[in-house]
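Below you'll find the structure, written out as structure tokens, and then a few comments.
The values are calculated or read from the model by the stated rules, or taken from the named source; none is laboratory data. Predicted model only: the values in this text are computed from it and were never measured. Please note: Cβ atoms are built from the backbone with ideal geometry, for glycine as well, and neighbour counts cover all protein chains shown.
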Amino acid sequence: MNVLLTRPLNQVKPLQALVCAQGYQALLFPTLRIEALKSVPLKERYDVVIFISANAVKYGLEALSSLDHRHDQIFAVGAATAKKLNASGFEVDAFPPEKASSESLLAMSKVKALSDKEILIFRGKGGRETLREGLGKNNVVEYIEVYERIECAIEAFHQTSLADFLADDRGIITVTSVENLSTLITMVNKMNANALEAIKQYPLVVLSERIKTYAQSVGFNRVGVAPQTNDEGLMQAIKSIS
């Protein structure tokens, strides 16, 4: 069975390896590419720094290293983000151990207790406002945007992957963010408007209920949610829905 993988090419290899190891055919269809942004914190120190994703760690390390860390706390939105911070030499004070999301982080007791703090959030350009809305009532919250997601140019391999995927009635599409899915829809529509309705008939595997809600709103009827927000969770969902 074909599995259409829509992650950026420089991030898809671990999931691709899992998919192939389970006997599925991985077809690459990246919708976004990640580019670094040169950003500098407005202050030398903050009481709290929060990382919204592993990408925020990857592209924000230089800015993070410039801060005074003598008194701050470091929070991560999930286990993968925390692992990347730890591997880079930064101790993480708290992160949601199961579901990686802004909502899960805000629900943690250490985060709920934050008051009168100066908080810096590392994120991608144009991210969600959930953390600022949740923390801004009792704290001063700033963003530092360290990367941006850009729609991929349509290449010959996109055409080949889409044609191979649609040639079989059985297949699964994987999506890891709302922007990932919305860009997939845009790209497929540019390539072949008829194919857009066709792909909506295939089951979709996503990382969160929020993405599922969006997917259903744009016409995908069979949507499975990964039990964990990582590659292993996506693989479990692929096996369950296939």
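What pairs can you find where one residue is in the range 153-172 and closer than 17 Å to T31 by Cβ, the other is part of a helix (DSSP H, G or I) and of a type in the set (D, E, K, R), and their Cβ atoms are less than 8 Å apart, with a gap of 6+ or different chains?
Hits for this filter: I154/K190.
Could you check, for the range 188-197, whether at least one of its residues is modelled with pLDDT of 95 or more, on the phi < 0 side of the Ramachandran plot and in contact with a strand residue (DSSP E or B) (Cβ under 9 Å, 6 or more places away or on another chain)?
no
Go over the candidates L184, L234, L196, L204 one by one and state the one that is free of Cβ contacts under 8 Å to residues at least 12 places away in the same chain and of a type in the set (A, V, I, L, M).
Details: L184 fails: free of Cβ contacts under 8 Å to residues at least 12 places away in the same chain; L234 fails: free of Cβ contacts under 8 Å to residues at least 12 places away in the same chain; L204 fails: free of Cβ contacts under 8 Å to residues at least 12 places away in the same chain.
The conditions single out L196.
Of the numbered conditions (1) surrounded by 20 or more Cβ atoms within 10 Å (Cβ to Cβ); (2) farther than 17 Å from I241 by Cα; (3) among the aromatic types (F, W, Y), Y214 satisfies every one except a single condition; which is it?
Status for Y214: all satisfied but (1).
What pairs can you find where one residue is in the range 100-113 and free of Cβ contacts under 8 Å to residues at least 60 places away in the same chain, the other is assigned to a helix (DSSP H, G or I) and hydroxyl-bearing (S, T, Y), and their Cβ atoms are less than 8 Å apart, with a gap of 6+ or different chains?
Pairs that qualify, where the first residue is free of Cβ contacts under 8 Å to residues at least 60 places away in the same chain and the partner is assigned to a helix (DSSP H, G or I) and hydroxyl-bearing (S, T, Y), are S102/T130; E103/T130; L106/T130.
Select from the range 88-106 the residues that are hydroxyl-bearing (S, T, Y) and assigned to a helix (DSSP H, G or I) and list them in ascending order. Explain how you work it out, then say what you get.
Of all residues in the range 88-106, those hydroxyl-bearing (S, T, Y) come to 88, 101-102, 104.
Across the range 88-106, the qualifying residues are S102, S104.
Can you tell which of L120, L85, L114 is buried (at least 16 other Cβ atoms within 10 Å of the Cβ) and in a helix (DSSP H, G or I)?
On the way: L120 fails: in a helix (DSSP H, G or I); L114 fails: in a helix (DSSP H, G or I).
Just a single option satisfies the conditions, and that option is L85.
Out of the range 123-153, which residues are assigned to a helix (DSSP H, G or I) and either of a type in the set (G, A, S) or not assigned by TED's automatic domain parsing to the domain that holds K84 (or both)?
The initial filter retains those residues of the range 123-153 that are assigned to a helix (DSSP H, G or I), namely 130-135.
G134, the sole residue that qualifies.
Go over the candidates D164, D169 one by one and state the one that is assigned to a helix (DSSP H, G or I), over 24 Å from the mean Cα position of the chain (by Cα) and outside the structural domain of G126 (by TED's automatic domain parsing).
On the way: D169 fails: assigned to a helix (DSSP H, G or I).
On inspection, the qualifying residue turns out to be D164.
Answer with yes or no whether L64 is under 24 Å from K125 (Cα atoms), buried (at least 19 other Cβ atoms within 10 Å of the Cβ) and touching a residue at least 40 places away in the same chain (Cβ under 8 Å).
Values: under 24 Å from K125 (Cα atoms): yes; buried (at least 19 other Cβ atoms within 10 Å of the Cβ): yes; touching a residue at least 40 places away in the same chain (Cβ under 8 Å): yes.
Answer is yes for this residue.
Of all residues in the range 97-122, how many are in contact with a Leu (Cβ under 8 Å, 6 or more places away or on another chain), within 13 Å of G134 (Cβ to Cβ) and not basic (K, R)?
Going through the range 97-122 one residue at a time, the tally reaches 7.
Hey, could you check the range 10-43 for residues that are over 14 Å from I150 (Cβ atoms) and assigned to a strand (DSSP E or B) and say which is farthest from the chain's Cα centre (by Cα)?
Q25
Can you tell me which residue is surrounded by the fewest Cβ atoms within 10 Å (Cβ to Cβ) among those in the range 44-55 that are more than 15 Å from the chain's Cα centre (by Cα) and part of a strand (DSSP E or B)? Lay out the reasoning, then the answer.
First pass over the range 44-55, keeping only residues more than 15 Å from the chain's Cα centre (by Cα): 44-50.
Right, trim to part of a strand (DSSP E or B) and you get 48-50.
On the way: V48: 21, V49: 26, I50: 27.
In this case the residue turns out to be V48.
Which members of the range 71-93 meet the condition of being within 19 Å of the chain's Cα centre (by Cα) and within 18 Å of G134 (Cα to Cα)?
Those that are within 19 Å of the chain's Cα centre (by Cα) and within 18 Å of G134 (Cα to Cα): F75, A76, V77, G78.
Residue by residue through the range 53-103, note down the ones that are closer than 26 Å to R210 by Cα and among the hydroxyl-bearing types (S, T, Y).
S53, Y59, T81, S101, S102, listed by residue number.
So for the range 189-202 (the condition being part of a helix (DSSP H, G or I) and farther than 17 Å from D164 by Cα), does at least one residue qualify?
Yes.
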